[in-house]
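Inspection log for the structure reproduced underneath, given as C-alpha cells.
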Amino acid sequence: MITIGNKGRVVIALILTFGVLAYLVQGDRQANRQAGMELPMEWPAQQANHPPGQASQPDTGQATKVTAPSQNQAAAGPKAEDILQGASAKASNGAAFFIEYRLERDRQRSQQIALLKQILDNPNSGGEGKQEAQKRLVDLTQQMDLEMQLEKLIVAKGYKDAAVFIQPNAVNVIIMADKFGDEDANKIGDLVARSTGRPREQISMINKK
C-alpha cells in the first residue's frame, strides 16, 4: 500500500481544487454563450469611429478656405510672345499659321476670362476686386471685337490675311503679304492707331508670308 504524507495530501487537495475551479469557470462561459451574453470584439481605440482597414484622419476643426485667384494674375493675361511661339510651333507660315495664331490667342484669352469670372463668383473677393474684374471683362470683350474688325479692314486693303492682338499697353499685328515695306507699315499703323487710340510706338507689325 502506498503511504501518502501530509505534503502529498496538500498537493492532491490543491490539484483537485484547481480542477473544480476550472470546471466551474468553463461551465459559466458556456452558459453565457448560450444566453447570448458573449461580448463583441472591439476595434482599437484609434479606429473606434472608422470601419476596418481605414486609417483614422486627424480632425483639424477648420473649414476649407476658398482662395480667390490673384487679381494681378487675371489682369496680366496672355503674352504676345507666348501666343506667337505657340502658333509657330504648329505652323511656321502660310494660312495655317494664322489659323493656329487665332486658336492660340482665343485659348489663352479663355483662360484669362475664366480667372476673372472666378474672382467675380468667389465670396472671398473684395468689392474693389470684383469691380476691377468686371471692368477687365468688359475691356476684353471690346478688344476681341476690335481685333476682328481690324483683321477684316486690313484684308480689305488687299493683304492676304491678318491677325491682331490687343494688350493693355501694346498692339501686335501680323500680316500675310508677299511684299511689306515702309509704306505698308505706315498705312496699317495709321489704321490701327486710329481704331485703338494707341500711339504708334505701341504698335508692332510682323510680316508672315
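Relative to one another, the C-alpha centroids of segment 169-206 and segment 111-136 are positioned 32 Å apart.
So if I take the alpha carbon set of segment 122-209, get Rg, then get Rh from the Kirkwood formula, what is the Rg over Rh ratio?
Numbers: Rg = 15.9 Å, Rh = 14.2 Å.
Taking Rg over the Kirkwood Rh, I get 1.12.
Element breakdown for segment 70-163 at a 1.4 angstrom probe: carbon and sulfur atoms account for 51% of the accessible area. Of the trypsin sites (Lys or Arg not before Pro) found in segment 132-183, the ones in coil according to DSSP and having at most 15 other Cβ atoms within 10 Å of their Cβ are 157, 160, 179. Rg and Dmax of segment 159-209, both derived from C-alpha coordinates alone, stand at 10.3, 30 Å.
The values are calculated or read from the model by the stated rules, or taken from the named source; none is laboratory data. Keep in mind that this is a model prediction, so the values were computed, not measured. Cβ coordinates were reconstructed from backbone atoms using ideal geometry, including for glycine residues, and neighbour counts include every protein chain displayed. Side chains included, ligands, DNA and RNA excluded: accessible areas come from the protein's heavy atoms. Shrake-Rupley method; radii C 1.70, N 1.55, O 1.52, S 1.80 Å.
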